[in-house]
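Below is one structure, written out as structure tokens; comments come after it.
What follows draws every value from the coordinates through simple rules; no lab data is involved. As the structure is a prediction and not an experimental result, all values here were calculated from the model. Note that each Cβ is placed from the backbone with ideal geometry, even for glycine, and that neighbours are counted across all protein chains shown.
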Amino acid sequence: MASPTCGRDRRGELIVDGETRVQINEESDILQARMHARELAADLGFDATSQTLIATAISELARNMLKYARSGELLLRSATKNGAGGITIVASDEGPGIADVALAMTDGFSTGRGLGLGLPGTKRLMDDFDLVSEVGRGTVVTAARWVRPK
């Protein structure tokens, strides 16, 4: 098996075999993650509107990490599905987890003072969305958006 190709981009973020990992530890990390996502989305052929939607989804996921888990990681990578190119986002943390995922996915529900739009809103912005959470162990959200034919 070949060893992974590793390097750092111009911002110093780790890139392994085309995947970019962004640690989310503070607000400024959200901006870095948004920039990486926009760059990857542009490279993959997403239009400007889709790039904005993907960046918004990144913001929502990263803000949830900071708010509830205090830190986490975003993995951004290109993907294909049924011949379509796209972007996959994996947001993972080792926070308190979500006790009732179905309730958390309900518009307007929030355990904090927010509007309760983060996770349901992210699901609407993306084409594919999966959330796995275990109380006391953390949460992993996997989301993807596919390039629309022109």
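So the values come out like this:
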item: Backbone HN-Hα couplings from phi across the range 141-150 [Karplus 6.51/-1.76/1.60, Hz, Gly and Pro as x]; result: 10, 10, 9, 9, 9, 10, 5, 7, x, 8
item: Ranked packing of 120-132, 89-101, most packed first, by mean Cβ within 10 Å; result: 89-101, 120-132
item: Proximal charge balance of ASN25 [Cβ under 10 Å; K/R count +1, D/E count -1]; result: -3
item: Residues of the range 81-102 with amide N under 16 Å of the 7 Å Cα→Cβ point at GLU134; result: 92-101
item: 25 Å Cα-Cα reach of LYS150 towards lysines, excluding residues that sit fewer than 8 places from it in its own chain; result: LYS81, LYS123
item: Ordering of 57-64, 72-79 by packing [mean C-beta count within 10 Å, highest first]; result: 57-64, 72-79
item: Calculated FRET value between GLU27 and THR56, using beta carbons and R₀ = 25 Å, to 0.05; result: 0.95
item: R0 of 30 Å, Cβ-Cβ distance ALA102-LEU75: FRET efficiency to nearest 0.05; result: 0.75
